[in-house]
Amino acid sequence: MKPVTQYTKSGSINIAYQVFGSGTKDLVYIPGWVSNIDLMWACPELVSFLLELGKMARVILFDKRGTGLSDRLVEFSTLEERMDDIRAVMDAVDSEKVILFGHSEGGSVSALFAATYPERTIGLISFGIFAKRRFSKDYPWAPTDEERQIVYDMIENSWGSGDMGLESLAPSMAEDKRFMDWLSNYFRSGASPSAAMVLTKMNTQVDIINILGSIRVPALIMQRTNDIDVKIEEGRFIADRIKRAKFVELEGEDHLFWVGDTEAVLNEIKTFLNDIGPEQNHEEKLFTIVSGKLKVIPQDESIRNLIKEIIKRNKGNHTQFDNLTFISTFDGPSKAINCGMDLVNFMRSLSVEVAVVVDMKEGAIEGDQLVNLSNKALIDSLLGQSEFNQILVSQAVRYLLSGADVIFSDYKKLNIPGDDSVQLYIASDPNDMHENPSPILRDDSFFDGVIKIIEKNYESESFGVDMLCKEVGISERQLQRKLKAITNKSPIQLISSVRLHQAKELLMTGSKNISEVAYMTGFNNPSYFAKCFKKEFGVSPSSIN
């Protein structure tokens, strides 16, 4: 009954996924807090729900990074990285467009994906989702800091004991010991205590309110009337801000969609899937915008070309210049903020002063030009408030960068005539060293140092990214960003590449056989070594040995 578990790469991270069902549309389920796609099939109630769902669509399940069967992490992952995981799984199963089904916390990334990639999204289904997870005057239904601390304490003290207080998630099953034992085991097997804590603290910072209005695809927002974990008012709030949303209030108090009146949930999903009309071409989508201004107009094209190169290396697109200013688009805020840091650091090393603003706007691309950009005047106002050698970000960007290796400091509120005030933040790199600017385009010493460390340790099978980070003295996220910009390789890909080049030299001497060389260069499986070798050099190791 259980589908085969498979893996695909999202960057350097292995993402576990399963595919089942016979429907004509593809549906990706984005789970809540933590998950384990194998253990999903040990719960009869969830199995029954999934099998019914599989009659309506081809269903794609996956464990997000840090949870379940996917690679475990003990650091924050951003919503943008989790969007990358969704795209990686879609690509692995040759799915061009999908319906997204986000549950609870999974709704945040589902909403952001639908706004950012409408061309790959047919529709959005959600159950028990929230827009914020921290109380504020404009969102009073979210937990207070004191209430969130109770969750932190539970993870800290009870994650391994079974006394996890999960009854509020499924009140209708609270007296069913079999179910509650499975639910506790499901969460424990879905994440370690450290990973659960990291995910919970990240969720506390998430705020997707500002992107809800940018969702253009049809949406079905389902919420149970007496859900204790996520209030009914939160569903109404979200549906009111999505242009094509249908809000459905369901009876009951269970936060889990696969218990309680599941027939009503499945009927709503079936009706929604049947009612989705012909796929539309979405000309406009949500972009992260990096805009900048130079203090002095460049005398030649060299500075502009360097700026374009840095933007390109950080996956930016459609760069446009206008005298002292420039603007470029990105698929997500993490790439944009990394680009902003690289721009400021490298330009400073050339004694060129630049100010950078990162914001999110709707727009469209015609040819190679960004057009129909919403509220362009606001971008100009933000640039006018920025100082040189500084990166300003809007509140929308700030909250979507929860989990990024970035320090945010309050800056000021900008009052826009005829619009709401905009809170601005200064973004800074915790690893930034003014005397030692970013290695992009001036990276010889940094890159040489990394290569020397790998060459010193390549024989050790246990040598990996974590040890490399310790040797280099920066965080994994920072190392990932710097190496990606220099080599377009992730740290794990670079380690593998150095090992394979060392192996090639050993094979060319003819003194060792393939298995011996594999073990000498940190590979514990000769067949896997041969596969990696052929991918790196285009020939098998036997053709050299």
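The values are calculated or read from the model by the stated rules, or taken from the named source; none is laboratory data. Everything numeric in this text was worked out from a predicted model, so none of it was measured. Here Cβ is always computed from backbone atoms with ideal geometry, including for glycine, and neighbour counts include all displayed protein chains. Each accessible area value is taken on the protein alone, full model and side chains, heavy atoms only, with ligands, DNA and RNA left out. Shrake-Rupley method; radii C 1.70, N 1.55, O 1.52, S 1.80 Å.
See the values below:
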{"read-out": "Selected residue (criterion: modelled with the highest pLDDT) from residues of the range 182-221 that are hydroxyl-bearing (S, T, Y) and closer than 22 Å to E233 by Cα", "value": "S214"}
{"read-out": "Some residue of the range 121-143 being basic (K, R), in a loop (DSSP other than H, G, I, E, B) and either without any contact (Cβ under 8 Å) to a residue 60 or more places away in the chain or loosely packed, with under 14 Cβ neighbours inside 10 Å (or both)", "value": "yes"}
{"read-out": "Criterion: at pLDDT below 85 and over 28 Å from K201 (Cβ atoms) - qualifying residue of N431, N389, N375, N457", "value": "N375"}
{"read-out": "Set T8, T67, T78: member being farther than 21 Å from A404 by Cα, at pLDDT below 95 and open to solvent by less than 40 Å² (accessible area, probe 1.4 Å)", "value": "T8"}
{"read-out": "The range 169-209, residues that are of a type in the set (D, E, K, R) and part of a helix (DSSP H, G or I)", "value": "K177, R178, D181, R188, K201"}
{"read-out": "Count - residues of the range 516-533 that are open to solvent by less than 40 Å² (accessible area, probe 1.4 Å) and among the charged types (D, E, K, R)", "value": "0"}
{"read-out": "Residue match in the range 278-290 (condition: of a type in the set (A, V, I, L, M, F, W, C), within 30 Å of A170 (Cβ to Cβ), open to solvent by less than 80 Å² (accessible area, probe 1.4 Å) and under 27 Å from the mean Cα position of the chain (by Cα))", "value": "no"}
{"read-out": "Those residues of the range 534-544 which are buried (at least 16 other Cβ atoms within 10 Å of the Cβ) and more than 11 Å from S497 (Cβ to Cβ), in sequence order", "value": "P541, I544"}
{"read-out": "Test for I337: is it in contact with a strand residue (DSSP E or B) (Cβ under 7 Å, 6 or more places away or on another chain), modelled with pLDDT under 85 and either assigned to a strand (DSSP E or B) or open to solvent by less than 10 Å² (accessible area, probe 1.4 Å) (or both)", "value": "no"}
{"read-out": "N513 vs. criteria surrounded by fewer than 19 Cβ atoms within 10 Å (Cβ to Cβ), under 17 Å from G464 (Cβ atoms) and over 31 Å from the mean Cα position of the chain (by Cα)", "value": "no"}
{"read-out": "Top-ranked residue in the range 317-334 [being open to solvent by 10 Å² or more (accessible area, probe 1.4 Å) and within 24 Å of the chain's Cα centre (by Cα); ranked as nearest to F287 (Cα to Cα)]", "value": "D331"}
{"read-out": "Single residue of L212, L256 found to be touching a residue at least 60 places away in the same chain (Cβ under 8 Å), over 18 Å from P140 (Cβ atoms) and either outside any helix (DSSP H, G or I) or not β-branched (V, I, T) (or both)", "value": "L256"}
{"read-out": "Whichever residue in the range 23-60 is open to solvent by 40 Å² or more (accessible area, probe 1.4 Å) and in contact with a strand residue (DSSP E or B) (Cβ under 7 Å, 6 or more places away or on another chain) and, among such residues, is modelled with the lowest pLDDT", "value": "K25"}
{"read-out": "Qualifying position, being over 23 Å from S136 (Cβ atoms) and assigned to a loop (DSSP other than H, G, I, E, B), among V230, V217", "value": "V217"}
{"read-out": "Lone unmet requirement of (1) at pLDDT 85 or above; (2) out of contact with any helix residue (DSSP H, G or I) (no Cβ under 7 Å at 6 or more places or on another chain) for F529", "value": "(2)"}
{"read-out": "Test: A355 is at pLDDT 85 or above and small (G, A, S)", "value": "yes"}
{"read-out": "Meets criteria (touching a residue at least 24 places away in the same chain (Cβ under 8 Å), closer than 30 Å to V465 by Cα and touching a Gly at 6+ places or on another chain (Cβ under 9 Å)) for T67", "value": "yes"}
{"read-out": "Single condition S108 does not satisfy, out of (1) part of a helix (DSSP H, G or I); (2) under 30 Å from R87 (Cβ atoms); (3) in contact with an Asp or Glu (Cβ under 8 Å, 6 or more places away or on another chain)", "value": "(3)"}
{"read-out": "Test: residue in the range 88-103 that is open to solvent by 10 Å² or more (accessible area, probe 1.4 Å), out of contact with any strand residue (DSSP E or B) (no Cβ under 7 Å at 6 or more places or on another chain) and in a helix (DSSP H, G or I)", "value": "yes"}
{"read-out": "Only one of V198, V217, V206 that is under 26 Å from R72 (Cβ atoms) and touching a strand residue (DSSP E or B) at 6+ places or on another chain (Cβ under 9 Å)", "value": "V206"}
{"read-out": "Residue in the range 11-22 that is farthest from L483 (Cα to Cα), counting only those that are of a type outside the set (A, V, I, L, M) and either under 26 Å from the mean Cα position of the chain (by Cα) or open to solvent by less than 40 Å² (accessible area, probe 1.4 Å) (or both)", "value": "F20"}
{"read-out": "Residue among I311, I269, I297, I276 that alone is at pLDDT 85 or above, more than 30 Å from F101 (Cα to Cα) and β-branched (V, I, T)", "value": "I311"}
{"read-out": "Selection from the range 476-488 of residues that are at pLDDT 75 or above and either over 13 Å from N338 (Cβ atoms) or open to solvent by 40 Å² or more (accessible area, probe 1.4 Å) (or both)", "value": "E476, Q480"}
